[in-house]
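Report on the structure given below.
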């Protein structure tokens, strides 16, 4: 390990231990997998997914459900969240909405919520019309006001999807569209976001 500092050597040993799934064998017991290990190795269709390390609490900014009820992410604590930022005028967003709808139907029983948060200035009515026209049945009508949530999350563009664990911490994010209805994605999200049972 020539040229490796003590800090670097310690990190390399810790990484080696994490990669083999626990503590060194000399202790007689393996450590439980860490949250980071549960979210490693996303499927190829999520190739653009970037880990949020170190994890940080997701901003708890207010948005609106069904055009009237104020909501924050604190209401989803205890469940994993797939938070998608989108708009009806965004072609890649429009393309991935049916897949997000199917994903929500698939993972809802696993303690995971797919939240599609619209940035449309037309509010809930614009989203309702879009859902009706496109057969979206498993997603709640959610809007943000004045892009407050997008700004708090520092969203660079649409669509962007943020993965939030049951503790309310941001785990990873993906800028761009993805094939959210791929079976490998659902399996990955169950491993990564499902609350401990």
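Every number here is computed from the coordinates shown, using simple stated rules; none is lab data. Computed from a predicted model, the values in this text were never measured in an experiment. Cβ: placed from backbone, ideal geometry, glycine included. Neighbour counts: every protein chain shown.
Averaging Cα coordinates gives a centre for the range 169-197 and one for the range 110-164; these two points are 17 Å apart.
First measure r as the distance between the Cβ atoms of residue 147 and residue 108, then evaluate 1/(1 + (r/R0)^6) with R0 = 30 Å and state the FRET efficiency to the nearest 0.05. It would help to have the intermediate numbers written out before the result.
Details: r = 27 Å, r/R0 = 0.91.
Approximately 0.65, to the nearest 0.05.
Length gained on full extension, residue 167 to residue 66: 33.8 nm, using 0.36 nm per residue less the C-alpha separation.
Once the Cβ-Cβ distance of residue 45 and residue 138 is raised to the sixth power relative to R0 = 25 Å, the FRET efficiency obtained is 0.80.
Over all directions, the average projected area of the alpha-carbon convex hull for the range 131-189 comes to how many nm²?
Directional mean of the projected Cα hull area for the range 131-189 stands at 5.4 nm².
Using the Cα atoms of the range 98-142 to build a convex hull, what is its mean projected area in square nanometres? Spelled out: convex hull of the Cα atoms, projected over all directions, averaged, 2.9 nm². Summarising the strand pairing of the range 33-193, around 70 percent of its internal DSSP beta bridges are antiparallel.
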